[in-house]
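Let me begin by handing over the structure; questions about it come next.
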Amino acid sequence: MGGKRIILGVTGGIAAYKACELASALSRRGALVDVVMTRAAQEFVRPLTFAALTGRPVHTSLFHTPGGDFVPHIRLASEADLAVIAPATANFLAKLAWGLADDLLSTLLLALRCPVLLCPAMNTAMLMHPAVRANLQRLREMGYHIMEPAAGHLACGAQGPGRLPEPEEILERIADLLAPQKDYRGVKVLVTAGGTREPLDPVRFISNRSSGKMGYALARAAARRGAAVTLVSAPTALKPPKGVEFVSVETAREMYREVVSRFPLQDVVIKAAAVADYRPRVVAAQKIKKKEGTLILELEKNPDILFELGRQKLPHQVLVGFAAETADLEANAREKLEKKNLDLLVANDVTRPGAGFGWDTNEVKIFYPDGRVQPLPLMPKEELAHRLLDIVREIRTLKTTRAEG
Ligand code: CTP
């Protein structure tokens with residue numbers, strides 16, 4: 001969302017307070033957020049709140065505009081990449097559905113050419129009223145994107161649909177609408193994520209520090225670009241991304257089964273998971289009790305999933321591995337790339353601040369089979385996911401051209 005210009009229209013409903021969180025989250029992700037408030041919205045939240053959260057002036061009037069901007073609706077409209085109206089009241093929807101333009105926000109909406117996401121929020125009875133439903137249908141037919149209101153406890157005390165969805169969900173929809181072209185449509189992508197858990201006894205396991213963030217970012221990015229995504233995930237604290245087939249596993253052997261059985265149908269496999277190389281040889285049926293002296297655990301080797309995929313790989317398939325290193329990054333990376341028959345190896349030195357386990361950012365070097373190394377700067381994992389998908393797309397194009405030639 002970095003550098004994207006987003007108009008956040010706020011109309012007069014109690015859910016206006018949630019729009020503050022949305023404005024803040026969008027700004028944190030680097031978007032330039034221009035908040036436009038109706039008069040009723042200002043009864044719920046002061047413009048100053050939004051100005052402080054976005055670091056930008058808030059627009060409230062067609063006539064009294066910050067910085068002597070005399071036609072704010074036209075300027076804002078021409079610059080916007082996307083507009084989101086949250087909350088959108090019944091009155092606002094009615095005005096938009098029938099083309100009324102009697103304040104800044106309604107006038108602006110008529111001048112916009114970018115995608116517009118409407119997030120209706122109101123009492124359930126109002127939402128169910130035939131006039132509101134007909135207006136929503138009319139707006140849908142005009143090409144507006146509409147988020148279904150969530151169900152639950154409403155400010156008026158009633159229970160039912162009408163709540164503004166959580167800012168996190170609205171953010172997801174915005175990211176979908178801003179996504180680059182659907183260049184992965186028709187492509188089957190399998191991503192693995194998280195750190196496997198290898199049980200010792202009913203209450204303990206051996207695992208690693210993988211948070212799953214890189215793999216989840218890759219799965220989300222590929223789905224946004226139109227891919228049919230399968231995410232095979234070891235346990236993480238993350239919510240599965242929307243629109244992906246989610247396969248939950250615990251151990252390396254479970255991951256092996258789920259990934260290897262699906263491999264023949266995939267076009268791209270990206271193995272971001274941190275797979276335990278060893279598992280306890282014996283899993284105790286009862287909790288292991290402490291005793292005097294030391295405890296020696298005997299570990300046996302887990303299957304190397306990526307090695308097996310590299311062995312089975314068909315010419316059109318693209319296989320991407322990850323390597324987390326703490327020393328001799330280049331030599332280890334090259335060895336893995338070759339041994340596992342990969343098309344790309346993404347290596348990170350996990351001792352560097354901001355890179356690897358748990359961080360929201362990553363700094364990696366990309367190793368190619370022809371010996372090239374491409375260092376990438378530190379960047380958010382979401383952005384890195386898109387960069388990696390760009391590279392994978394190029395490799396796919398090369399493979400197709402070679403096959404046709
Ligand atoms: N991997 C795998 N199956 C395993 C171990 C690793 O598929 N049993 C995959 C990981 O998902 C990752 C890549 O292999 O994409 C590199 O993992 P890493 O543990 O760094 O490599 P190893 O070959 O296990 O080497 P080492 O542990 O010695 O660094």
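In whole angstrom, how far apart do the alpha carbon centroids of the stretch 254-286 and the stretch 69-111 sit?
51 Å
Turning to a different aspect of this structure: Among the aspartates and glutamates, which fall within straight-line cross-link reach of Lys95, defined as a Cα-Cα distance under 12 Å, with same-chain neighbours fewer than 8 residues apart omitted?
Lys95 reaches Asp103.
Please label the shape of the stretch 97-178 as rounded, prolate or oblate, based on the square roots a ≥ b ≥ c of the eigenvalues of the alpha-carbon gyration tensor (a/c under 1.5 means rounded; beyond that, a/b larger than b/c means prolate, else oblate).
Here the stretch 97-178 falls in the oblate category.
Okay, moving on. With a/c under 1.5 counting as rounded, go ahead and sort the stretch 1-100 into rounded, prolate or oblate using the C-alpha gyration tensor (a ≥ b ≥ c being the square roots of the eigenvalues; past the cut-off, prolate if a/b is larger than b/c, else oblate).
In terms of gyration-tensor shape, rounded.
What share of Cα pairs, in percent, lie more than 19 angstrom apart in the stretch 116-234?
65 percent
What span do the alpha-carbon atoms of the stretch 53-190 cover on each of the three principal axes, reported in whole Å from largest to smallest?
Result, largest extent first: 45, 44, 32 Å.
Further question on the same structure: Which Cα, out of Phe307, Leu344, Ala237, lies furthest along the positive dipole direction of the chain (beta carbon charges, K/R +1, D/E -1)?
Of the listed residues, the answer is Phe307.
Considering only the other residues whose Cβ falls under 9 Å of the Cβ of Met379, what net charge follows from Lys and Arg at +1 and Asp and Glu at -1?
Result for the neighbourhood of Met379: -1.
Right, another one. May I ask for log10 I(q)/I(0) of the chain at q = 0.09, 0.13, 0.14 Å⁻¹, from a Debye sum over the Cα atoms as equal point scatterers with solvent left out?
-0.68, -1.06, -1.14
While we're looking at this one, here's another question. Could you list Tyr216, Tyr17 in order of exposure, starting from the residue whose Cβ has the fewest other Cβ atoms within 10 Å?
Tyr17, Tyr216
Relative contact order for the stretch 252-337: what percent, with Cα pairs under 8 Å and sequence separation of 6 or more?
Once divided by the residue count of the stretch 252-337, the mean separation gives 40 percent.
Who wins for biggest fluctuation among Ala179, Ala52, Ala285 in a Gaussian network model of the chain, springs between alpha carbons below 10 Å?
In the Gaussian network model the winner is Ala285.
Tell me which of Gly30, Ser61, Leu384 sits at the most positive position along the dipole axis of the chain, charges placed on C-beta atoms (Lys, Arg +1; Asp, Glu -1).
Leu384
Pull up all non-local amide H partners of Leu200: gap of 5 or more, or a different chain, and H-to-H distance under 5 Å with H placed in the peptide plane.
Here Phe205, Ile206 satisfy the definition.
Just rank His59, His129, fewest to most, by other beta-carbon atoms within 10 angstrom.
Lowest count first: His129, His59.
Give me the number: length gained by fully extending Ile206 to Arg28, i.e. 0.36 nm times residue separation minus the C-alpha to C-alpha distance, one decimal in nm.
Length gained between Ile206 and Arg28: 60.5 nm.
I would also like to ask the following. Using label points projected 7 Å from each Cα along Cα→Cβ, tell me how many nm separate Glu254 and Ala51, to one decimal.
Placing both labels 7 Å beyond Cα along the Cβ direction yields 5.4 nm.
Note down the nm distance, to one decimal, between modelled labels 7 Å out along Cα→Cβ at Leu110 and at Glu169.
Placing both labels 7 Å beyond Cα along the Cβ direction yields 3.3 nm.
Something else now. Looking at this model, which pairs from Lys188/Lys365; Lys339/Lys365; Lys18/Lys213; Lys239/Lys289 are more than 28 angstrom apart at the alpha-carbon?
Table pairs above 28 Å Cα-Cα are Lys239/Lys289.
Once the Cβ-Cβ distance between Val71 and Lys399 is put in as r, and R0 is 51 Å, what FRET efficiency do you end up with, to the nearest 0.05?
That gives a FRET efficiency of 0.50.
Take Lys313, Lys271, Lys291 and order them by how many other Cβ atoms sit within 10 Å, fewest up front.
Lys291, Lys313, Lys271
Please report, to one decimal in angstroms, the Kirkwood hydrodynamic radius of the stretch 261-341 built from all distinct Cα-Cα pairs.
The answer is 15.6 Å.
Can you return the aspartates and glutamates within cross-link range of Lys381? Criterion is Cα-Cα under 18 Å, with same-chain partners fewer than 8 residues away left out.
Correct list for Lys381: Glu168, Glu172, Asp176, Glu325, Asp349, Asp360, Glu363, Asp390.
Hey, another quick one. So, R0 is 56 Å and r is the distance between the beta-carbons of Ala285 and Lys239; what FRET efficiency does that work out to, to 0.05?
Between Ala285 and Lys239 the formula returns 0.95.
Give, in nm to one decimal, the length gained when the segment between Tyr17 and Arg133 is fully stretched (0.36 nm per residue of separation minus the Cα-Cα distance).
Difference between extended and current length: 39.3 nm.
Which ³J(HN,Hα) values in Hz, rounded to whole numbers, follow from the phi angles of the stretch 373-379 under the Karplus curve 6.51 cos²θ - 1.76 cosθ + 1.60, where θ = phi - 60° and Gly and Pro get x?
Working through the residues one at a time gives 10, 10, x, 10, x, 4, 8 Hz.
Here, each number is a calculation from the coordinates, and none is a lab measurement. These numbers were taken from a predicted model, which means no experiment stands behind them. Quick reminder, even Gly has a Cβ in these numbers, built from the backbone with ideal geometry, and neighbours come from all protein chains shown.
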